[in-house]
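Take a look at the structure below.
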Amino acid sequence: MKRIYFFLRVWFVVVVLTACSGTTTVTNSDGTVSTTNRAPAVIATPDLPGRLLMSKAGDLMMWQAGNLQQITKSGDAWQPAFSRDGTRIVFVRRTESASDIMLTSAAGGEAIQLTDNMSRHALHSFERMYDSTWAFYPSFSPDGSRIVYVSQFGPPEGSPASEYRLIMYFMDARAGAKRIDGYADGSGNIGHSIFDVDGKNIYFAFNPAGQNGAPRIMRYTIESGRLMIPTGMPDQSYDPALSPDGQTIYFALRTATGTDIFGLPVNGGTPTQLTTLNTARAPAISPDGSWLVYLAVPAGAPGFELYAQKLKDGALDGDAVQMTRDQLFDADSGISWGN
């Protein structure tokens, strides 16, 4: 495989609780800092079907039947995704200088490590930095047998250390499985990736490096290796999500005024704007197609909160509902919706 390098800087959420003042400060995955003096709260409970998974300060959070609960306490869990039947969860576990893909039951229990990216060298050492890799954005195939994720080909090389581009891999969703090469592009990095409803194509966010073009969502056909941009997909699109019938792709789009959620028929058409908050991203659609949820920063607020919007025949039905306050969810981890 051709070796392609880049300098990668990764930030993860670190939470500092100041006991004397009650202030909660969160450094987000994009390096920005959010601070609030109020206690996190649930402020609306729309009747959403199924369960939602998010990440907050390195722990997984689950919304079900109007209740929000923390389901991990390790401080190192990110980017969770349900299997389609809702019985299993994949997520990213971060360690020093590395991250791995983990698999666990949605009912709880010990997580199984699917990748092995962590170095055995001493903590805080240069040897460890040069002997570790990262894995991100795991997502299940429709039948739950495989996952797609992104990672580097191997540890960084050179002096100063430079890392491979993030490329697409597949892996059976079981312990001991080997990774299988997917799509790689030397001109940029692959991000959040999802299977289509038939498991034949992957929709993924692509972020070009340097002057190689604008970020966009692309589609990769697994069997043929064909790559294309969905007809009508605008530049500056990311965070892909599909409707349950596979006919509409939802995504975040950077515009002149901010970022909002849009929908586009997978066979091509004109994007439809669904939010007007200028801070919205990470869309997810309910298994029955009746609800859209996403993360957005309310006016004057310090971080991302959970919103819900009723859908009818794929169109907006009523006003958006802000569900949480001062939760400060990790936007890059997104939202996964399971039965």
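Selection of first residues in region 207-225 that are more than 16 Å from Ile167 (Cα to Cα) and of second residues that are not in a strand (DSSP E or B), restricted to Cβ pairs under 9 Å at least 6 apart or on distinct chains, gives the following pairs, ordered by first then second residue: Gly210/Ser187; Asn212/Ser187; Gly213/Ser187; Gly213/Asp235; Ala214/Pro234; Ala214/Asp235; Ala214/Gln236; Glu223/Lys200. Looking at region 161-180, is at least one residue within 30 Å of Asn278 (Cα to Cα) and polar (S, T, N, Q)? No, because not a single residue in region 161-180 is within 30 Å of Asn278 (Cα to Cα) and polar (S, T, N, Q). Checking region 251-267 against the condition returns no match, with no residue being closer than 25 Å to Pro142 by Cβ, acidic (Asp, Glu) and buried (at least 20 other Cβ atoms within 10 Å of the Cβ).
Evaluating Gly300 against the criteria (1) surrounded by fewer than 22 Cβ atoms within 10 Å (Cβ to Cβ); (2) of a type in the set (Gly, Ala, Ser); (3) on the phi < 0 side of the Ramachandran plot leaves one unmet condition, (3). The set of residues from region 151-183 being among the hydrophobic types (A, V, I, L, M, F, W, C), modelled with pLDDT under 95 and surrounded by 15 or more Cβ atoms within 10 Å (Cβ to Cβ) comprises just one member, Phe153. Within region 214-247, being part of a strand (DSSP E or B), of a type in the set (Ser, Thr, Tyr) and surrounded by fewer than 20 Cβ atoms within 10 Å (Cβ to Cβ) holds for one residue alone: Thr221. For residues in region 257-285 being in a loop (DSSP other than H, G, I, E, B) and among the hydrophobic types (A, V, I, L, M, F, W, C), which is nearest to Arg84 (Cα to Cα)? In this case the residue turns out to be Val266. Scanning region 129-144 for residues that are on the phi < 0 side of the Ramachandran plot and not aromatic (Phe, Trp, Tyr) gives Met129, Asp131, Ser132, Thr133, Ala135, Pro138, Ser139, Ser141, Pro142, Asp143. Does Ala280 satisfy the condition of being farther than 19 Å from Gly246 by Cα and either crowded, with 20+ Cβ neighbours inside 10 Å or at pLDDT 95 or above (or both)? Yes. Here region 112-150 is the region considered, the condition is being hydrophobic (A, V, I, L, M, F, W, C) and not in a strand (DSSP E or B), and the residue that is modelled with the highest pLDDT is Leu114. When region 280-319 is limited to residues that are among the hydroxyl-bearing types (Ser, Thr, Tyr) and touching a residue at least 40 places away in the same chain (Cβ under 8 Å), the one that is nearest to His192 (Cα to Cα) turns out to be Tyr294.
For residues in region 184-201 being of a type in the set (A, V, I, L, M) and part of a loop (DSSP other than H, G, I, E, B), which is surrounded by the most Cβ atoms within 10 Å (Cβ to Cβ)? Top of the filtered list is Ala184. When the test is whether a residue is among the acidic types (Asp, Glu) and part of a strand (DSSP E or B), Asp288 does not pass it. The sole residue among Gly109, Gly154 that is over 22 Å from Gly188 (Cα atoms) and either part of a loop (DSSP other than H, G, I, E, B) or of a type in the set (S, T, N, Q) (or both) is Gly109.
Candidates in region 79-125 are the residues that are closer than 17 Å to Ser55 by Cα and among the polar types (S, T, N, Q); of these, the one that is nearest to the chain's Cα centre (by Cα) is Gln79.
Please specify each residue of region 72-98 satisfying the condition of being outside any loop (DSSP other than H, G, I, E, B), touching a residue at least 40 places away in the same chain (Cβ under 8 Å) and either more than 16 Å from Ile335 (Cα to Cα) or basic (Lys, Arg) (or both). Arg88, Arg94, listed by residue number.
The values are calculated or read from the model by the stated rules, or taken from the named source; none is laboratory data. Here the structure is a predicted model, which is why all the values come from computation and not from measurement. Heads up, the Cβs are rebuilt from the backbone with ideal geometry, glycines too, and the neighbour counts pull from every protein chain shown.
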